Amino acid sequence: MVNHVFFSLEQLASIRQRAEQDAHVRTLVDAVLLDAETTMAVGALAFAYYYTGGGDYLARARKQLIAVLDDPRWESGDFPRTDLRTASLCEQMAVGYSLFADEIPAEDRRRIALTTWERGIAPLIREWVAPGHKVHAFDTMGHNWWPVCVASGAFAGIVMQDDLVGYGIAEAPAYVQMAVDGLAAWFAYPGNPMNVKPASLDHGAFYEGVTYLDYLLHEYLQFAIAYRAITGVHPFDDTPYLLDCADFLVYTSYASSKGERDYYINFGDADGYGYLHAPLHLLAYGIDHPGLRWLAQNFSDQTAEPLLRLRAYENVYDRPAYPPQATSVCYDRVGWAIFRDSWDKDAAMLAVKCGDTWNHAHADAGHFVLYRDGVNEIFDTGSPVSYSNPKYIPYYTDSSAHNTVLFEGRGQDFRDNYKNHAHTPGHLYHFVDGPGFRYIMADATGPMSRYFRKHHRHFVWVDGAVVIYDDIECYDCGRVSYVLHAEASNCHRMLTPCTTEIHEGWVEPVHGSGELEKPYKRYTVNTDTEGHAKFVSVLLLDESITPVLEEMENNACHMASEETKTSYRLTLGETVVYINTRADGKVMHRNCDNVMDGIYTDAELMVCKNGMPYAVVNGSVVREGREGRWALDVWARITGTIPENELRTQKTPS
């Protein structure tokens, strides 16, 4: 019996009993029943049919399923002949069949199963999986299309499998097993540097962004839920992958009390707000993840996806729910780092991206966004955008639509997005999430290598502020511009003397809703005579702080004549951040030692609190004077807080 793979009659009875006592459950039931009256969603029609025991829901569902059989979109008209449209139609048939097959006439049941096999299941699995027939490898089409197409074919295959065998399609079980084997391999795919193809997942993170991970998980989990309901087991050992994906979905979320909008990080083509399907699908599948339950309970709209909430109700609301212990995370293989000051609504959250560029991953190496006080204060204008928008490729996927750095007004080569990949992708290094000191360095050199020998963008989160230090070396002298897309009232302060330019920009507030003009700023400096440029800026999370940036004369043992003569002191209340320009790699065979306010160090950045050294970036030594008491003295440079956070009394041996 294939009926009720999504909700059993026992579960419906439990929901009916809860609805009599729990106003929230009643609200969810009413929302599903309203959907059944106003839409043709087969899941809502099935719930209404079995929940109420009557109505015209069955007739409407049967009419819809029969209409899909003759839909011209089963085949793409190209090669391969199956695509996301085929997958979508296959999914519709699978949902309807799994819920209504026992209720419709035998002739309709047979026609639906055989047509879905011929037009959907068999061609999808042949073209995407089957040896001797498959068209693509993971390396060529292994992003969201591959798991979506294969899982949709497998979904229909598993719910129709017994009937198909009875109708003479003896190979149906083998096709489902091929799909299972392929999906297991996709989740484990490690990537291929020759094709500049990243791994399918980086500990649950997906390089195409949150929306496309949500999409592929939605399709996979519909299949997996049906597979387990029918066979009693998971398709493969998918739990470790799904737990990692759950972590990623939680870390990329941002709950707001301002209005009705919650957010998730919208790098790439993600729309960045609304409600995701995958968290509730994961919980309906039985994934035990307190953070996922916390996410499902803390996003503002507790009636979003009412049918999914009812299916997963016990796992969402009846078990422990709490956020992760760590407030920050780095996915260095896809190039995403996320920092926040707490898990409370309206907290401050900074996200940095410096990784791959291709397809749904934009030309945005070194890009960052900030959420604060419940709004997306410094934002990504690249999404949500309709792909038919004529500005989609030339503007929205371009570096200028992101908070990046440009040379003579130009960023990454546009061909990185839709032709060649970024063959030298960006990277994140030295992630630190410590008390009073968080840090990441975005190395955007590779994606900008047609202009830059080096672009290191340092993010230093200290008490009440995030310091951003851009260290840039260009092949040629010219104008370098720091791009900022932000709300008119924002906490960003550019401290480097610059020319401020206002440029024409656009946003689509809701996907496909039409454009609005949204001008943005470029802070521009000229390089020095050797092509060097630097920016120092700060995000004042505590706006009572007054940042003061001062030049300091370099004081080193051995200064080359060609070296920069000045470094910087940035004062942020009781916290001081020192920027050692001798550490920017311009001079070979000399250490980058410097004495700044009486403290001897080779660190690129040094943080002092209340006059005491607290943390270093890429440093091996911190001493009181050149040969005085020492706080740090190691053979290889480190990034992090200084042990014990105090100058030791030991003197350097003479």
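The values are calculated or read from the model by the stated rules, or taken from the named source; none is laboratory data. Worth saying up front: this structure is predicted, and the values here are computed from it rather than measured. Cβ: placed from backbone, ideal geometry, glycine included. Neighbour counts: every protein chain shown. Surface areas here come from the heavy atoms of the whole protein model, side chains and all, with no ligands, DNA or RNA. Shrake-Rupley method; radii C 1.70, N 1.55, O 1.52, S 1.80 Å.
Return a yes/no flag: does the stretch 330-341 have any residue that is more than 17 Å from the chain's Cα centre (by Cα) and either open to solvent by 10 Å² or more (accessible area, probe 1.4 Å) or at pLDDT 95 or above (or both).
Looking only at the stretch 330-341, we keep the residues that are more than 17 Å from the chain's Cα centre (by Cα), and these are 341.
Adding the requirement that they be either open to solvent by 10 Å² or more (accessible area, probe 1.4 Å) or at pLDDT 95 or above (or both) leaves 341.
Checked against the condition, which is being more than 17 Å from the chain's Cα centre (by Cα) and either open to solvent by 10 Å² or more (accessible area, probe 1.4 Å) or at pLDDT 95 or above (or both), the stretch 330-341 yields at least one hit.
For Tyr395, work out the one condition from (1) open to solvent by less than 10 Å² (accessible area, probe 1.4 Å); (2) touching a helix residue (DSSP H, G or I) at 6+ places or on another chain (Cβ under 6 Å) it doesn't fulfil.
(1)
Please determine whether any residue of the stretch 250-269 is open to solvent by 30 Å² or more (accessible area, probe 1.4 Å), at pLDDT 95 or above and in a helix (DSSP H, G or I).
no
I'm checking my understanding of the structure. Among residues of the stretch 122-140 that are assigned to a loop (DSSP other than H, G, I, E, B) and more than 20 Å from Gly191 (Cβ to Cβ), which one is farthest from the chain's Cα centre (by Cα)? Full working, then the answer.
Filtering the stretch 122-140 for residues assigned to a loop (DSSP other than H, G, I, E, B) gives 129-137.
The next check asks that each one be more than 20 Å from Gly191 (Cβ to Cβ); those that pass are 130-133, 135.
Details: Ala130: 31, Pro131: 33, Gly132: 35, His133: 33, Val135: 29 Å.
Here the residue is Gly132.
Of everything in the stretch 599-612 that's closer than 15 Å to Thr641 by Cβ and assigned to a strand (DSSP E or B), which residue is most open to solvent (accessible area, probe 1.4 Å)?
Ranking the qualifying residues of the stretch 599-612, first place goes to Met612.
Restricted to the stretch 189-204, and to residues that are of a type outside the set (Lys, Arg) and not in a loop (DSSP other than H, G, I, E, B), which residue is least open to solvent (accessible area, probe 1.4 Å)? Talk me through it step by step, then tell me what you get.
Narrowing the stretch 189-204 to residues of a type outside the set (Lys, Arg): 189-196, 198-204.
Of the ones still in play, those that are also not in a loop (DSSP other than H, G, I, E, B) are 192-195, 202.
Values: Asn192: 39, Pro193: 119, Met194: 171, Asn195: 65, Asp202: 3 Å².
Per the criteria, the residue is Asp202.
Checking the condition in contact with a Pro (Cβ under 8 Å, 6 or more places away or on another chain) and small (Gly, Ala, Ser), which residue from Ala270, Ala278 passes?
After applying the criteria, what remains is Ala270.
Does any residue of the stretch 582-598 turn out to be farther than 15 Å from Asp470 by Cα, modelled with pLDDT of 95 or more, surrounded by 23 or more Cβ atoms within 10 Å (Cβ to Cβ) and not hydroxyl-bearing (Ser, Thr, Tyr)?
no
Say whether the condition of being within 30 Å of Cys477 (Cβ to Cβ), touching a residue at least 60 places away in the same chain (Cβ under 8 Å) and open to solvent by 30 Å² or more (accessible area, probe 1.4 Å) is met by at least one residue in the stretch 506-517.
no
Among the residues of the stretch 417-430, is any among the hydroxyl-bearing types (Ser, Thr, Tyr), surrounded by fewer than 18 Cβ atoms within 10 Å (Cβ to Cβ) and more than 23 Å from Arg582 (Cα to Cα)?
yes
Of everything in the stretch 619-637 that's surrounded by fewer than 17 Cβ atoms within 10 Å (Cβ to Cβ) and part of a strand (DSSP E or B), which residue is modelled with the lowest pLDDT?
Looking only at the stretch 619-637, we keep the residues that are surrounded by fewer than 17 Cβ atoms within 10 Å (Cβ to Cβ), and these are 625-629, 633-636.
Next cut, part of a strand (DSSP E or B) only: 629, 633-636.
Numbers: Arg629: 81, Asp633: 86, Val634: 86, Trp635: 89, Ala636: 90.
Step by step, filter the stretch 619-637, then rank; the result is Arg629.
Go through the stretch 208-240 and give me each residue that's under 16 Å from Val334 (Cα atoms) and either open to solvent by 10 Å² or more (accessible area, probe 1.4 Å) or of a type in the set (Lys, Arg) (or both).
Thr211, Tyr212
With the requirement that a residue be among the polar types (S, T, N, Q) and surrounded by 12 or more Cβ atoms within 10 Å (Cβ to Cβ), what does the stretch 527-537 give you?
If the condition is that a residue be among the polar types (S, T, N, Q) and surrounded by 12 or more Cβ atoms within 10 Å (Cβ to Cβ), then Thr527, Ser537 are the ones that fit.
Of all residues being within 23 Å of Phe459 (Cβ to Cβ) and modelled with pLDDT under 95 in the stretch 552-572, which is surrounded by the fewest Cβ atoms within 10 Å (Cβ to Cβ)? Just the residue, please. If you could, list the steps in order and put the result at the bottom.
If we filter the stretch 552-572 for residues that are within 23 Å of Phe459 (Cβ to Cβ), which is where we start, we get 552, 564, 566-572.
Now drop any that are not modelled with pLDDT under 95, which leaves 552, 564, 566-567.
Details: Met552: 18, Thr564: 16, Thr566: 12, Ser567: 21.
This residue is Thr566.
Within the stretch 597-612, how many residues turn out to be free of Cβ contacts under 8 Å to residues at least 60 places away in the same chain and either hydroxyl-bearing (Ser, Thr, Tyr) or closer than 15 Å to Asn555 by Cα (or both)?
7
Starting from residues that are surrounded by 20 or more Cβ atoms within 10 Å (Cβ to Cβ) and hydrophobic (A, V, I, L, M, F, W, C), keep the ones in the stretch 163-185 and report whichever is farthest from Arg110 (Cα to Cα).
Checking each candidate, the answer is Leu183.
Might you let me know whether the stretch 362-369 holds any residue that is out of contact with any Ser or Thr (no Cβ under 8 Å at 6 or more places or on another chain) and either over 22 Å from Leu201 (Cα atoms) or at pLDDT 95 or above (or both)?
yes
Going through the stretch 298-328 one residue at a time, which ones are assigned to a loop (DSSP other than H, G, I, E, B), without any contact (Cβ under 8 Å) to a residue 60 or more places away in the chain and open to solvent by 20 Å² or more (accessible area, probe 1.4 Å)?
Result: Ser300, Asp301, Glu305, Asp318, Arg319, Pro320, Ala321, Tyr322, Gln325.
Strands (runs of 3 or more DSSP E) wholly in the stretch 462-520 with at least 2 residues that are closer than 21 Å to Val375 by Cα - which ones?
On the way: elements: 465-474, 479-484, 492-494, 499-503.
The qualifying strands (runs of 3 or more DSSP E) are 465-474, 479-484, 492-494.
Any residue in the stretch 238-247 that is polar (S, T, N, Q) and under 13 Å from the mean Cα position of the chain (by Cα)?
No.
If Leu280 satisfies every condition in (1) in a loop (DSSP other than H, G, I, E, B); (2) farther than 22 Å from Leu370 by Cβ; (3) not small (Gly, Ala, Ser) but one, which is the exception?
For Leu280, the failing item is (1).
Between a residue in the stretch 133-152 that is open to solvent by 10 Å² or more (accessible area, probe 1.4 Å) and any residue that is at pLDDT 95 or above and basic (Lys, Arg), which pairs come within a Cβ distance under 8 Å, given they are 6 or more apart or on different chains?
Short answer, once both residue conditions are applied: His133/Arg126; Lys134/Arg126.
Do you know which of the residues in the stretch 443-485 that are in contact with a Phe, Trp or Tyr (Cβ under 7 Å, 6 or more places away or on another chain) and of a type in the set (Gly, Ala, Ser) is surrounded by the most Cβ atoms within 10 Å (Cβ to Cβ)?
Applying the filter and picking the extreme gives Ser481.
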